[in-house]
Amino acid sequence: MALLVLLLMGLMLTGGAYALFTTSSTAKAEEYSASDIDGGKKLFVSNCATCHGAGAQGTPNGPSLIGVGASAVDFQVGTGRMPLQASGPQAPVKKAQFSDDQIKQLSAYVASLGPGPSIPDSEYLDASKGDAAAGGGLFRTNCAMCHNVVGAGGALTRGKYAPNLQQVSEKHLYEAMQTGPQNMPIFNDANLTPEQKRDVISYVRTVSETPSPGGFKLGALGPVAEGLFVWFFGLAAVIGITVWLTARSK
Amino acid sequence: MSSNQHSGSTAGELEVVNGFENPGLPEHKPRITDVEPAAEKVAERQIAAWFLLSMVGTIWFIVSYFLFPLDGQIGSVRMQNTMLGIGLTVALFSIGIGIILWAKTLITDAEVSEDRHSIPGSEEDQAIAIEIFNQAKNESGIARRPLIRNMLIAAVAIAPLPAILVLRDLGPLPGNKMFETLWGPGVRLCKDTGGVPSVETPIKASDVTIGSAFHVIPEGMNKSEDPLNEKAKAAVLLMRVDPEQLNTKPERESWQVDGIVAYSKICTHVGCPVALYEHQTHHLLCPCHQSTFDVTNHCKVIFGPAKRPLPQLPIKVDSDGYLVAQRDFTEPVGPSFWEVHTRETESR
Amino acid sequence: MSTDLNAPPALAATSKWIEERTGASAAVKEFGRKIFPAHWSFMLGEVALYSFIVLVLSGTFLTLWFHPAMGETHYEGPWTPLKGVEVSEAYASTLYISFEVRGGLFLRQIHHWAALLFMAALSIHALRIFFTGAYRKPREVNWIVGVGLVAMGMAAGFTGYSLPDDLLSGNGLRIIDGLLKSIPLIGTYLSFFLFGGEFPGTDIVSRLYSVHIMIVPALLIALIGVHLMFVVIHKHTQWPGAGHTEKNVVGEPVLPTFAAKGGGFFFMIFGLLSAMAGLFTINPIWNYGPYDPSPVSAGTQPDWYIGWMDGFLRLLPGWMEFYVFGYPISLNIFPALLAAAVLFGGMVVWPFIEAWISGDRREHHILDRPRNAPTRTALGVAVIIWYCAMWAAASGDLIAVFFHMSLNDMIYVFRTLFFVGPVIGYIVTKRICIGLQRKDREIALHGFESGEIIRLPHGEYQERHKPLDEHERWRLTAFQTPSYVPAQPDARGKVSGAEKARAALSKFFYEDRVEPVTKAELDEAHAAHAVEGHGSTGELEH
């Protein structure tokens, strides 16, 4: 039974329904041509329709994508999470299966089905324009409990997890906040304004890219990693020294 | 005690165990440095080299202190820390290796045996100790004069009381503090921006879309006397769930606004912020000890060490469309404590 | 010493000056040729001692810049992700030490690494003492002092961890607050008295500071002094071996060999800690941010030596909290404090319990090889597994992420291990010990297996056994172990209840027992070898 629930939750990946309630999305919409939409539709039918239905209206195996917007598609397909390869607690990141053009076509098609968050404007993706300190405060309050204070990732219930953010691109960070993939809450523009999202991105970039002042950072996982290190490196070295020290020389 | 350089069995007789006789210490085998002057010379030079290396390390530390200044950039901190670390490591580790090599190769390595002494003193000494105590007893009359002895004991026994008494002012008595938070009728729910900048932005009901999670503080918290103390009790998580999915108790029907619910963020286990909201499963997970609460069932505990559900904050929409509290929490937030059920929380 | 004719005149004059004022020659005579046995496992306590010296040195430097205060200030330093953020003075000064005092970060890191190593070294030192039976008479008091050192070490570590007032340690303090509040009747008051009012208040850092830099270190130094004094009084234990007896101690004299090795070892430990501090980040409080009661980070854990208590908190299910007349009995929380009392209390009484069960009141200066005390060794392993189940549970979330497993399943696994692990560990360890003892018997009686197969004249194949020399044989045979002593009547001919309990425990402890080889058995085996060419295996007595 628990397994069944797990599987179902795994399959409800993009969570389409919420987008119907999305009220505000200030990021500027990208222009899509009719041929983009047509190309996207073809890709959709052959790659996504099995689970999401021929018209993206959803099936028991996959949620409706009507109204999830281009942003959700760009995130899910762009990070390789979709198409899903195997069911599990959560869709893992993998190598993107489609080219950037194909992703654009898919986004165009899904965006044409109903209004939803569009691809973020590059204005809000420029980490250098953000305020890392303000972003840090927002990150600790809104993100750190799942993703860890420097975005090293963490566990959620029943095999789900919040992924490491340190290698995630600015665009995908923004889209994740905007669309709330999988079990992540949605941070709409009233909750975190586009400027605040940029601050968060700026914080993540700063802490991921600044070398750790103290030396190797041991995964930035905190006291557990430090404890393991002191037992398996520190104490092992100490015992090595004691053995050498007390051994009789020839 | 024995201070012989080389001895097999100076230490008393060797006992017999299980019928076997103790064969005594094995014969000492000389080291290569004991017999070959050339090897001894090499060892000596090696040891000297380690001490020399140590001095290089110390000098490197001093040079690094100036050569790798802290220029206000974080990269410089790492550079300096690493260089100072390497300098001190070389300085200290080399001294250590040098001394130990000295001990291992040049200082005699013959094992020496030392007798153990019996731990209790000799009977004579013990008798003297008893005698001294008896003498003291008699001379002081401590046994013969119970009045002053007992008065002394009583006086010494109560003398530390002032020290304990002074500790009374370590803190105030709890009073009603555990039952009151800043929430009250009409207090607006504001976004928690993590203290930087500490602008309190009130939240409109229309801002909270399905799947959203807002981290919330009461309006005016930053201007209160002890903002952190207040925040430690008043922090709230605001979520919007499809009303269809909420199993609302009839008496709490009016505590939510169209599926927008507010729950205390402070874990009822030991008080960590419970903030890991999964918007599809509607589970709230505490990252410290994994207590899991079900938002659709009034945050009752579905896993982990917590017992009490997270207290719900009754909310409504004010005339400007902002979310406000109807009243304070109806029960204390945070970990269970002895008096948790002793009084009703204030309804201001 | 003043009479040393070979010393240079200046040295002679100096030692004469000192001698006439201090009588130091008596101390030199007493300690100068004291014997310390050389074995790597005897150096572990020194690691703790040297780490402690490094802690005192580096900690003294840190106090020069640290401000133990919780007043509000705004951070203005080189760490841009915190620029302008409202922080406490304690947190700001810790960042100042890290980024603006030259060598400050190094001092912080060496202090913290030394603390972790101190506790790790204390732990394995204590395990060495336990598994070799070194706590037996006359060393029981020193064992208790050692338990006190572990407890004080934990106190020192936790108070230090909490000083920077960062998000991680603040959440740690919040857990302490929750633990205190769960204590029946007085919990709320304890919490208000510790924090000077409501959590977090503005007093806790300065209070922990005085505990951390004065009270606990003073106690640690006092206990270390007593501990070392007892080592001098008792002299060191030694492993069983040829020439080693209960009445002697064989090893290296303090001057010059042991002093040189110990001194060199100090520098090597200090050097190792320097390397760790220079190359590996520890407790990057700039990442955690200032303490704020609302945020928390994924993977919020205490330092490793507190981890087992935190893990225990995770394992306790919520239903263990119940209400009596409306008052909570939070058995889901405060047993974490009781667990510490059980562990330390158990360690304190253990030497006396064992002596009571075995009836062995003799002094012991020769150590037990762990296999020769199978029940003790097995119990020790059971406690280690019990501890490790809790310890690992404290990192269950990280293990789950790392191995792509469910966090919830990890809790179930560790709950099971908590109960089942010690039992399995006990049984397996005891079997292994008895197996090793039998192997020892076999070797003592028949020699080492040489791997050479020979064919006897009547066609039988046999492995040739190499006989032991008497030194090797002594190591395998020269020990005595307690055996089961049935309940004994007292002077009035009655068997008391306590005596019956003792006898039951004695049966549990010593019934399964492999007898050490005796000379008579060996002679018999040799005679049998001479006749048949092979012998029988050691029998397990019941």
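Number of residues in the range B:51-100 that are assigned to a helix (DSSP H, G or I) and at positive phi: the value is 0. So, C:T73, is that one closer than 30 Å to B:N222 by Cα, of a type in the set (S, T, N, Q), in contact with a helix residue (DSSP H, G or I) (Cβ under 8 Å, 6 or more places away or on another chain) and at pLDDT 95 or above or not? In short, no. For the range C:131-142, the count of residues that are in contact (Cβ under 8 Å) with a residue 60 or more places away in the chain and among the acidic types (D, E) is at least one. Residues that are over 28 Å from the mean Cα position of the chain (by Cα) and without any contact (Cβ under 8 Å) to a residue 24 or more places away in the chain do not occur anywhere in the range C:161-172.
Does A:Q182 satisfy the condition of being surrounded by 21 or more Cβ atoms within 10 Å (Cβ to Cβ), of a type in the set (S, T, N, Q) and in a helix (DSSP H, G or I)? Answer is no for this residue.
For the range C:21-44, taking the residues that are assigned to a helix (DSSP H, G or I) and among the basic types (K, R), the one that is surrounded by the fewest Cβ atoms within 10 Å (Cβ to Cβ) is identified as C:R21.
Given the condition touching a residue at least 40 places away in the same chain (Cβ under 8 Å) and hydroxyl-bearing (S, T, Y), answer yes or no: does some residue in the range C:299-322 qualify? Yes, there is a match, as at least one residue in the range C:299-322 is touching a residue at least 40 places away in the same chain (Cβ under 8 Å) and hydroxyl-bearing (S, T, Y).
A Cβ distance below 9 Å, combined with a sequence gap of six or more or placement on separate chains, defines the contacts here; from the range C:47-76, residues that are closer than 29 Å to B:E225 by Cα reach residues that are assigned to a loop (DSSP other than H, G, I, E, B) and among the polar types (S, T, N, Q) in the pairs C:A69/C:T202; C:M70/C:T202; C:G71/C:T202. I need the full set of residues from the range B:190-243 which are small (G, A, S), modelled with pLDDT of 90 or more and closer than 19 Å to C:G289 by Cα, in order please. If the condition is that a residue be small (G, A, S), modelled with pLDDT of 90 or more and closer than 19 Å to C:G289 by Cα, then B:A232, B:A235 are the ones that fit. Using the structure shown, decide if B:L84 is closer than 30 Å to C:L95 by Cβ, touching a Gly at 6+ places or on another chain (Cβ under 7 Å) and hydrophobic (A, V, I, L, M, F, W, C). Yes; evaluated as a whole, the condition is true for this residue.
The set of residues from the range B:126-175 being closer than 30 Å to C:P200 by Cβ and assigned to a helix (DSSP H, G or I) comprises B:P162, B:A163, B:I164, B:L165, B:V166, B:L167, B:R168, B:D169, B:L170. Pairs are defined by a Cβ separation below 6 Å, a sequence spacing of at least 6 or placement on different chains, a first member in the range B:322-344 that is under 17 Å from B:A306 (Cα atoms), and a second member that is assigned to a loop (DSSP other than H, G, I, E, B) and of a type in the set (A, V, I, L, M); the pairs so defined are B:P332/B:V340; B:P335/B:V270; B:W338/C:L185. Where helices (runs of 4 or more DSSP H) fall entirely within the range C:370-464, those with at least 2 residues that are in contact (Cβ under 8 Å) with a residue 12 or more places away in the chain and in contact with a Ser or Thr (Cβ under 8 Å, 6 or more places away or on another chain) are at C:374-393, C:407-446.
Hey, any hits in the range A:155-171 for a residue that's at pLDDT 90 or above, closer than 28 Å to A:K42 by Cα, among the basic types (K, R) and in a helix (DSSP H, G or I)? Yes: one or more hits. When the range C:332-370 is filtered for residues that are surrounded by fewer than 20 Cβ atoms within 10 Å (Cβ to Cβ), more than 25 Å from B:R116 (Cβ to Cβ) and among the small types (G, A, S), the ones remaining, listed by number, are C:A339, C:A340, C:A341, C:G345, C:G346.
Restricting the range A:9-37 to residues that are modelled with pLDDT of 50 or more, in a helix (DSSP H, G or I) and out of contact with any helix residue (DSSP H, G or I) (no Cβ under 8 Å at 6 or more places or on another chain) leaves a set whose member that is farthest from B:D242 (Cα to Cα) is A:S35.
For C:W304, the criteria (1) touching a helix residue (DSSP H, G or I) at 6+ places or on another chain (Cβ under 7 Å); (2) at the interface with chain B (Cβ under 7 Å from one of its Cβ atoms) hold in every case but one, which is (2).
Can you tell which of C:V145, C:V87, C:V101 is away from chain A (no Cβ under 13 Å) and touching a residue at least 24 places away in the same chain (Cβ under 8 Å)?
Working: C:V87 fails: away from chain A (no Cβ under 13 Å); C:V101 fails: away from chain A (no Cβ under 13 Å).
The match here is C:V145.
Checked against (1) β-branched (V, I, T); (2) more than 9 Å from chain C (Cβ to nearest Cβ); (3) touching a Gly at 6+ places or on another chain (Cβ under 8 Å); (4) crowded, with 16+ Cβ neighbours inside 10 Å, A:V149 passes all but condition (2).
Condition check for B:I153 on (1) within 12 Å of chain C (Cβ to nearest Cβ); (2) among the β-branched types (V, I, T); (3) under 45 Å from the mean Cα position of the chain (by Cα): one failure, at (1). Can C:F61 be described as within 30 Å of B:T89 (Cα to Cα) and in contact with a Leu (Cβ under 8 Å, 6 or more places away or on another chain)? Answer is yes for this residue.
Selection over the range C:316-339 of residues that are more than 8 Å from every other protein chain (Cβ to nearest Cβ) and part of a loop (DSSP other than H, G, I, E, B) gives a count of 3. Across the range C:249-265, what is the total count of residues that are within 7 Å of chain B (Cβ to nearest Cβ) and part of a helix (DSSP H, G or I)? Of the residues in that region, 7 qualify. Considering only residues in the range C:117-137 that are more than 27 Å from C:G271 (Cβ to Cβ) and not polar (S, T, N, Q), the one that is modelled with the lowest pLDDT turns out to be C:K137. The conditions are (1) under 30 Å from B:F93 (Cβ atoms); (2) surrounded by fewer than 20 Cβ atoms within 10 Å (Cβ to Cβ); (3) more than 7 Å from chain C (Cβ to nearest Cβ); (4) free of Cβ contacts under 8 Å to residues at least 60 places away in the same chain, and A:W231 fails exactly one of them. Which is it? Of the numbered conditions (1) under 30 Å from B:F93 (Cβ atoms); (2) surrounded by fewer than 20 Cβ atoms within 10 Å (Cβ to Cβ); (3) more than 7 Å from chain C (Cβ to nearest Cβ); (4) free of Cβ contacts under 8 Å to residues at least 60 places away in the same chain, the odd one out for A:W231 is (3). Screening B:P273, B:P218, B:P174 for residues that are farther than 26 Å from B:I302 by Cα, surrounded by 18 or more Cβ atoms within 10 Å (Cβ to Cβ), within 26 Å of the chain's Cα centre (by Cα) and not hydrophobic (A, V, I, L, M, F, W, C) leaves exactly one candidate, B:P174.
Each row is one residue, and each column tells you yes or no for (1) of a type in the set (G, A, S); (2) at pLDDT 95 or above.
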| position | (1), (2) |
| --- | --- |
| C:G241 | yes, no |
| C:L272 | no, yes |
| C:A277 | yes, yes |
| C:V296 | no, no |
| C:T300 | no, no |
| C:G318 | yes, no |
| C:E321 | no, no |
| C:P328 | no, no |
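Let's see how each residue does on (1) more than 7 Å from chain C (Cβ to nearest Cβ); (2) surrounded by 21 or more Cβ atoms within 10 Å (Cβ to Cβ); (3) at pLDDT below 95; (4) more than 30 Å from C:L105 (Cβ to Cβ):
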{"position": "B:Q73", "(1), (2), (3), (4)": "no, no, yes, no"}
{"position": "B:L84", "(1), (2), (3), (4)": "no, yes, no, no"}
{"position": "B:L88", "(1), (2), (3), (4)": "no, yes, no, no"}
{"position": "B:G96", "(1), (2), (3), (4)": "no, yes, no, no"}
{"position": "B:R116", "(1), (2), (3), (4)": "no, no, yes, yes"}
{"position": "B:P120", "(1), (2), (3), (4)": "yes, no, yes, yes"}
{"position": "B:D125", "(1), (2), (3), (4)": "yes, no, yes, yes"}
{"position": "B:I128", "(1), (2), (3), (4)": "yes, no, no, yes"}
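The values are calculated or read from the model by the stated rules, or taken from the named source; none is laboratory data. Quick caveat, the model's predicted, so the values are computed rather than measured. Using ideal geometry, Cβ is built from the backbone for each residue, glycine included, and neighbour counts are taken over all protein chains shown.
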